[in-house]
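Take a look at the structure set out below.
The values are calculated or read from the model by the stated rules, or taken from the named source; none is laboratory data. All figures in this text were calculated on a predicted structure; none of them were measured in a lab. Cβ placement follows ideal geometry from the backbone for every residue including glycine, while neighbour counts extend to all protein chains displayed.
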Amino acid sequence: MAILILLVVVALLVGIPIGIYNRLVSARNGYKNAFAQIDVQLTRRYDLIPNLVETAKGYLAHERGTLEAVIAARNAAFAGLKSAAADPGNADAIKQLSSADGVLGGALGRLMAVVESYPDLKGNQTMSQLMEELTSTENRVSFARQAYNDAVLGYNNAREVFPNNMVAGSFGFTAATMLEIESAAKREAPAVKFS
């Protein structure tokens, strides 16, 4: 009987940490998968921007600074995305991506303001399609960001509760960082109006 009790105690002492470890690994993989969805949507967004700028270039020859700012912001955001995608658990990479994406949003907003003052450009079918595609992509990015942040919240909660925090600390499960937008104005998708 004593041996049976000893075996049950040993099984619990070994089994509980193994179960906790496996749940933490699953939660970490969950937020990494959610970030992969952000990667897909942001890559799609970043791929649309050069086409948008190229279409606008013919109409906005004297707005070269605006176009160059959009491309520079796009390139910085794309580099930030690749850095974050390499390690979604790296808080600095996530913050850098958030900041670069915010700058890109501001540059796109300025471009949209310029586009509004050019009726021929607003009426261009290619431009209209690209703008519609960009707006659709912005919505997808928002949904992917929400799913990622939900997964990060679940992971962080799982690693912080007792007794999980002891296992998490022992095996190097560090906190994940949510992908946030820096200001309320940047939380909105760029407004696209062709009227």
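Here are a few things to note about the model shown:
- Helices (runs of 4 or more DSSP H) fully within the stretch 113-188 counting 3 or more residues that are surrounded by 15 or more Cβ atoms within 10 Å (Cβ to Cβ): 125-160, 164-170
- Taking each residue of the stretch 15-33 that is touching a residue at least 40 places away in the same chain (Cβ under 8 Å) and under 14 Å from Asn156 (Cβ atoms) and looking for partners that are acidic (Asp, Glu) and assigned to a helix (DSSP H, G or I) with beta-carbon atoms closer than 9 Å, six or more apart or interchain, yields Tyr31/Asp150.
- You will find that of Asp92, Asp101, Asp47, the residue that is in a helix (DSSP H, G or I) and closer than 21 Å to Asn157 by Cα is Asp92 and no other.
- Any hit, the stretch 96-110, residues being closer than 15 Å to Glu180 by Cβ, of a type in the set (Ser, Thr, Tyr) and at pLDDT 90 or above: yes
- Criterion applied to Ala73, Ala77, Ala86 was being out of contact with any Leu (no Cβ under 6 Å at 6 or more places or on another chain) and either hydrophobic (A, V, I, L, M, F, W, C) or within 19 Å of Met178 (Cβ to Cβ) (or both), and the one residue passing it is Ala86.
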